[in-house]
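Have a look at the structure below before the remarks.
Bear in mind that the values in this text are calculations on the coordinates, not laboratory data. Quick caveat, the model's predicted, so the values are computed rather than measured. Counting neighbours? That spans all protein chains shown, and the Cβs are built from the backbone with ideal geometry, glycine included.
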Ligand SMILES: Nc1ncnc2c1ncn2[C@@H]1O[C@H](COP(=O)(O)OP(=O)(O)OP(=O)(O)O)[C@@H](O)[C@H]1O
Ligand SMILES: O=P(O)(O)OC[C@H]1O[C@H](OP(=O)(O)OP(=O)(O)O)[C@H](O)[C@@H]1O
Ligand SMILES: [Mg+2]
């Protein structure tokens with residue numbers, strides 16, 4: 001039986017997502033693709049789950065790990081960079097791990113990188129000894145410096161980190177990089193990556209109670225299905241049996257293709273769920289190898 005949306009408040013699952021910013025729309029879209037829908041409150045900070053007893057809390061991304069740690073919400077969608085930073089910070093202060101990454105979600109990709117002025121002849125981390133490094137990720141940077149055995153000064157800035165070297169506040173920086181355009185615009189170059197990040201589903205380090213745990217499991221199953229088919233297409237076509245050995249190598253990303261024998265003659269009908277890109281070029285290669293009537297269909301949902 002599906003959980004009723006009228007479940008008592010203590011048994012409802014609460015998920016925190018970014019109110020506005022890079023992760024806000026894709027996070028909501030992903031949860032919507034899992035069949036969740038909400039009635040929005042007037043202040044739009046809390047959305048009551050209608051299709052399932054799963055509510056949304058719209059917050060600043062930096063608050064999400066703390067909200068999970070305090071049990072104010074059960075799950076959250078946040079950048080791995082934020083989750084790890086706050087985890088390292090807690091660990092540095094002797095705190096027990098209170099949250100962890102449950103799933104990588106495949107959007108919001110970026111990296112936390114160390115960058116130095118263009119003019120530096122970068123030889124390695126030992127060059128940072130005694131230098132000042134500006135960052136919004138002090139715990140991650142401090143941990144990395146300790147791993148490298150480097151004694152450097154960490155300068156904490158909450159934003160516009162890339163400008164610090166030009167202002168004379170720092171010699172190098174450690175910040176998020178995606179296209180690299182911000183670094184280039186500030187005459188900086190990335191020299192090493194501290195962590196690869198993307199949006200993640202975060203949850204408590206310990207298990208949820210039985211009722212909310214069951215709801216979380218249901219959501220995770222849907223999420224895994226949604227993530228699995230996010231870039232998937234269903235490919236349908238026909239082909240003579242003799243060309244099958246030429247066709248199958250063109251479908252390396254297909255889950256065990258279904259092969260059906262057609263009534264008349266030696267023709268086969270094939271159905272393949274492809275997890276990689278089904279490009280025009282690929283369709284043309286299949287056609288050259290003997291496939292006919294190629295059809296590419298979107299996949300709406302999948303439950304393993
Ligand atoms: N340039 C980028 N390209 C891709 N992803 C990024 C980039 N910058 C940040 N991110 C990812 O998106 C997350 C959210 O970034 P955003 O800039 O929206 O955060 P914010 O300004 O801290 O928002 P908030 O107002 O919620 O505190 C980051 O923590 C990181 O995981
Ligand atoms: O490599 P790029 O594609 O240039 O992206 C990197 C920039 O993106 C983020 O800043 P954002 O634009 O979110 O501004 P912020 O300083 O307000 O966080 C990040 O802090 C970098 O400054
Ligand atoms: Mg933030």
Describe numerically, in nm with one decimal, the distance between label points set 7 Å from Cα along Cα→Cβ at residue 158 and at residue 302. 4.3 nm
Using only the alpha carbons of region 180-231, determine the length spanned along each of the three principal axes and report them from longest to shortest in whole angstroms. 53, 29, 15
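Take every Cα pair under 8 Å in region 233-298 that's 6+ residues apart, average their separations, divide by the length, and report that relative contact order as a whole percent.
Details: 110 pairs, mean separation 34.4, N = 66.
In percent, rounded to a whole number, it is 52.
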Build a GNM of the chain with springs between Cα atoms under 10 Å: which of 27, 184, 134 gets the top mean-square fluctuation? 184
Which of rounded, prolate or oblate describes region 254-304 when judged by the alpha-carbon gyration tensor and an a/c cut-off of 1.5? oblate
Of the residues 247, 75, 56, which exhibits the maximal mean-square fluctuation in a Gaussian network model of the chain defined by a 10 Å Cα contact cut-off? 247
Please give the peptides 219-228, 148-157 ranked by average Cβ packing (other Cβ atoms within 10 Å per residue), highest first, as a rough proxy for protection. 219-228, 148-157
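Indicate the gyration tensor shape class of region 110-196 (rounded, prolate or oblate), computed on the Cα atoms with a ≥ b ≥ c the square roots of the eigenvalues: a/c under 1.5 is rounded; otherwise a/b larger than b/c is prolate and the rest oblate.
Rounded, because the longest to shortest axis ratio a/c is under 1.5.
If R₀ is 22 angstrom, what is the calculated FRET efficiency for the pair residue 295 and residue 103, using the beta carbon separation as r and rounding to 0.05? Could you put the intermediate results ahead of the total?
On the way: r = 32 Å, r/R0 = 1.45.
My answer for the efficiency is 0.10.
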How far, in nm, would the chain grow between residue 11 and residue 41 when pulled straight, counting 0.36 nm per residue and subtracting the alpha carbon separation? 8.8 nm
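Below 8 Å, C-alpha to C-alpha, sequence gap of six or more: please give me the relative contact order for the chain in percent. Intermediate results must be reported in sequence, preceding the final value.
Details: 574 pairs, mean separation 53.0, N = 304.
Normalised by residue count, the contact order of the chain is 17 percent.
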Decide, for the chain, between rounded, prolate and oblate: order the square roots of the alpha carbon gyration tensor eigenvalues as a ≥ b ≥ c, take rounded if a/c falls under 1.5, and otherwise choose prolate if a/b is larger than b/c, else oblate. oblate
Given springs between every Cα pair under 10 Å in a Gaussian network model of the chain, which of 131, 189, 287 has the largest fluctuation? 287
Distance in nm between pseudo-label sites at residue 206 and residue 231 (7 Å out along the Cβ direction from Cα): 3.9 nm
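How much FRET efficiency would the formula 1/(1 + (r/R0)^6) give for residue 93 and residue 281, where r is the Cβ-Cβ distance and R0 is 41 Å, rounded to 0.05?
0.15
Based solely on its DSSP helices, what 222 nm [θ] is calculated for the chain when runs of n ≥ 4 H residues each add -39,500 (n - 2.57) and the sum is averaged over all residues, nearest 500 deg cm²/dmol? Please report the intermediate quantities before stating the final value.
Working: 8 runs with 78 residues, N = 304.
Taken over the chain, the calculation gives -7500 deg cm²/dmol.
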What percent antiparallel are the DSSP beta bridges of the chain, to the nearest 5? 75 percent
Could you work out how far apart the two model spin labels at residue 24 and residue 123 are, taking each label as a point 7 Å from the Cα in the direction of the beta carbon, and quote it in nm? 4.8 nm
